[in-house]
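Each remark here refers to the structure printed beneath this line.
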Amino acid sequence: MKFGPSLSDPTPDPARSPVAALRVLALRVWLEADPVAKAGLAKALGAQAVAAACIDGAETGSGPAVGDEAVGDTPPAHPTGRPGRPARPRMVAPRELPARPVGTPQGRAALLHAIAHIELNAIDLAADAVWRFAGMPDDFGRDWAGVAADEARHFLLIRDELLARGHDYGDFDAHDGLWTMAERTAHDVLHRMALVPRVLEARALDATPPMQARLRAAGDGRAAALLQTIVDEEIGHVAIGDRWFRWLCAQRGLAPRETFVALLRDYGAPRQSGWINRKARLEAGFDPQEL
């Protein structure tokens, strides 16, 4: 679901926008602690984004905008703290996580669990973008609502596979590094678009093909195929972040490449190492000079 920005898009009144109801539902997604219920709400958020786009594009002469009855003139308040999370998995420092050797069934289950955890975080990251950055054009909210729905499907796909292997989400420890960057960039949507989609989420484009090769070598073609479904859609998600990053740079009169490099430095973002999936990154909007 890629609606995409336009340089001529006006900045709407967030309280009266057709996307105002999306912000309410996105906040519900963000606050929900049960992971399966969170995924269900995120899928509903994506469906509502499609409906909002249809209504917003229709030439109707009267009637309330989507969400008017739900929110009136008051957008949702920004809660403090972190998004809703279940009691498990236990959060530990990245260095405390054990190795996940794909040569064993337990190691492959732990790897799938780590991916499920990333996808659950990605639901919250997308929902957070919808409700937090209220001053953005309506297409921004619709784009990230669609991403939230995709991430929900990914989470449920991986959880179903875990269940088939005798495990569930929460059975292995996890870390919270992805959400830490979301907190650090909560004050500026340009920083968020630069450092979450274009750095942390883009790393999956590089990490997945080697991971698939190891899984196939271990005889687990089913897990490798699941990862292909996810990475194909992640290219589009990174592309959404890239387009909005460039849109924001244009709005502020900033050079995208120089701004991106400065933000990497200022935030001490993780350095890229190892193989880079150039094809996927170019499809997602990176330019050859950046790579």
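More than 16 Å from the chain's Cα centre (by Cα) and in contact (Cβ under 8 Å) with a residue 12 or more places away in the chain: is that true of Gly170 in this structure? Yes; evaluated as a whole, the condition is true for this residue. Within the stretch 90-108, the only residue that satisfies the criterion of being in contact (Cβ under 8 Å) with a residue 12 or more places away in the chain, farther than 18 Å from Ala182 by Cβ and touching a Gly at 6+ places or on another chain (Cβ under 8 Å) is Arg100.
Put simply, of Thr208, Thr259, Thr180, Thr185 the only residue that is hydroxyl-bearing (Ser, Thr, Tyr) and out of contact with any helix residue (DSSP H, G or I) (no Cβ under 6 Å at 6 or more places or on another chain) is Thr180. The lone criterion from (1) in contact (Cβ under 8 Å) with a residue 12 or more places away in the chain; (2) surrounded by fewer than 17 Cβ atoms within 10 Å (Cβ to Cβ) left unmet by Asp160 is number (1). Counting only helices (runs of 4 or more DSSP H) that sit wholly inside the stretch 185-291, those with at least 2 residues that are modelled with pLDDT of 95 or more and within 14 Å of the chain's Cα centre (by Cα) are 189-195, 221-252.
Annotation note: of Ala262, Ala194, Ala239, Ala218, the sole residue that is closer than 30 Å to Pro105 by Cβ and surrounded by 13 or more Cβ atoms within 10 Å (Cβ to Cβ) is Ala218.
Tell me, yes or no, whether the stretch 127-140 has at least one residue that is basic (Lys, Arg), touching a helix residue (DSSP H, G or I) at 6+ places or on another chain (Cβ under 6 Å) and either at pLDDT below 95 or not assigned by TED's automatic domain parsing to the domain that holds Leu190 (or both). Within the stretch 127-140, not a single residue is basic (Lys, Arg), touching a helix residue (DSSP H, G or I) at 6+ places or on another chain (Cβ under 6 Å) and either at pLDDT below 95 or not assigned by TED's automatic domain parsing to the domain that holds Leu190 (or both).
Each row is one residue, and each column tells you yes or no for (1) surrounded by fewer than 19 Cβ atoms within 10 Å (Cβ to Cβ); (2) out of contact with any Cys (no Cβ under 9 Å at 6 or more places or on another chain); (3) modelled with pLDDT of 95 or more.
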position	(1), (2), (3)
Ala52	no, yes, no
Pro64	yes, yes, no
Asp68	yes, yes, no
Asp73	yes, yes, no
Ala77	yes, yes, no
Arg95	yes, yes, no
Asp124	no, yes, yes
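Being without any contact (Cβ under 8 Å) to a residue 60 or more places away in the chain and small (Gly, Ala, Ser) is the filter; apply it to the stretch 230-255 and report the residue that is nearest to Ala152 (Cα to Cα). Applying the filter and picking the extreme gives Gly241.
The values are calculated or read from the model by the stated rules, or taken from the named source; none is laboratory data. None of these values were measured; they are calculated from a predicted model. Here Cβ is always computed from backbone atoms with ideal geometry, including for glycine, and neighbour counts include all displayed protein chains.
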